[in-house]
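**Student:** This structure is in structure tokens; I'll ask about it shortly.
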Amino acid sequence: INIEMARLLTLKAAWMIDTVGNKVARKEIAQIKVAVPKIALQVSVYPALSVTDGEEFPSRRRLGGGDYFISFEDFAFFRRVYLSDPEREARLPLVSPIYAPDYKGLPPALMITAGYDPCVDEGHRYVERLRADGVPASEICYAGTIHPFFLFDGVIDAGRDAQQLVAGAVREFFVTGG
């Protein structure tokens, strides 16, 4: 990275997250409009945008049995670990950003989803809602992949391709100024 690019990156922020980061930074995701208004771009890689069982997302029911890396039991574990009162907190937008009332004013978004991921439908829904609220958003779904494919770039070609796509999109965004 050259000095000019480093300066540019210090002036703008890109929101890059995978599901592990989502669990850690959930409150920041929901508060992006208020807490971090300078974020210029959000890039989400197969995010789990709800810690509920996701009954309203068909992919959770269809793919959440554990055959595709992540399961209903995992979401139950996340609720127990991250929430003090799971029954009360699981649908709060600060915990499950998919339930935020609107996304107006958020930065443009690039969503990477995996076709065999229990979270794929919430990724689709997030992009639809962003667009409905006037936020530029695009989605690339890697149809034949599972939840952590992005991290398996040494084993799954789609992981390497997705990493290159994200790097290129972020580079292009910052070079052109969005």
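**Student:** I want to confirm something. Restricting to segment 83-101 and keeping residues that are open to solvent by 50 Å² or more (accessible area, probe 1.4 Å) and among the charged types (D, E, K, R), which single residue is nearest to A137 (Cα to Cα)?
**Tutor:** That would be R91.
**Student:** Residues of segment 22-59 being within 18 Å of P148 (Cβ to Cβ), modelled with pLDDT of 85 or more and not small (G, A, S), which ones?
**Tutor:** Selection gives V43, V45, Y46, P47, L49, V51.
**Student:** Sticking with this structure for a sec: Report whether or not A143 is exposed (fewer than 15 other Cβ atoms within 10 Å of the Cβ) and in a strand (DSSP E or B). If you could, list the steps in order and put the result at the bottom.
**Tutor:** Working: exposed (fewer than 15 other Cβ atoms within 10 Å of the Cβ): yes; in a strand (DSSP E or B): yes.
Considered against the rule, which asks whether it is exposed (fewer than 15 other Cβ atoms within 10 Å of the Cβ) and in a strand (DSSP E or B), A143 comes out as yes.
**Student:** Does segment 153-161 contain any residue that is under 20 Å from L41 (Cβ atoms), modelled with pLDDT of 95 or more and open to solvent by 50 Å² or more (accessible area, probe 1.4 Å)? Give the derivation first.
**Tutor:** Initially, segment 153-161 is screened for residues under 20 Å from L41 (Cβ atoms), giving 161.
So of that shortlist, the ones also modelled with pLDDT of 95 or more come out as 161.
Subsequent filtering for residues that are open to solvent by 50 Å² or more (accessible area, probe 1.4 Å) retains 161.
Within segment 153-161, one or more residues are under 20 Å from L41 (Cβ atoms), modelled with pLDDT of 95 or more and open to solvent by 50 Å² or more (accessible area, probe 1.4 Å).
**Student:** Next question, about the same structure. Among the residues of segment 105-140, which ones are in a strand (DSSP E or B) and among the aromatic types (F, W, Y)?
**Tutor:** First, pick out the residues of segment 105-140 that are in a strand (DSSP E or B): 109-116, 137-140.
Selection gives Y116 alone.
**Student:** A further question follows. Might you let me know whether segment 9-19 holds any residue that is part of a loop (DSSP other than H, G, I, E, B) and at pLDDT 90 or above?
**Tutor:** Going through segment 9-19, the residues part of a loop (DSSP other than H, G, I, E, B) turn out to be 12, 18.
So of that shortlist, the ones also at pLDDT 90 or above come out as none.
Among the residues of segment 9-19, not one is part of a loop (DSSP other than H, G, I, E, B) and at pLDDT 90 or above, which makes the answer no.
**Student:** Right, another one. Restricting the search to segment 107-166, which residues are hydrophobic (A, V, I, L, M, F, W, C), under 20 Å from L63 (Cα atoms) and in contact with a helix residue (DSSP H, G or I) (Cβ under 6 Å, 6 or more places away or on another chain)?
**Tutor:** Within segment 107-166, M111, I112, A114, V120, F149, F150, F152, I156, A158 qualify.
The values are calculated or read from the model by the stated rules, or taken from the named source; none is laboratory data. Only a predicted model underlies this, so the values are computations on that prediction, with no experimental measurement involved. FYI the Cβ positions are ideal-geometry reconstructions off the backbone, even for glycines, and counts take in every protein chain you see. For accessibility, only protein heavy atoms count, side chains too; no ligands or nucleic acids. Shrake-Rupley method; radii C 1.70, N 1.55, O 1.52, S 1.80 Å.
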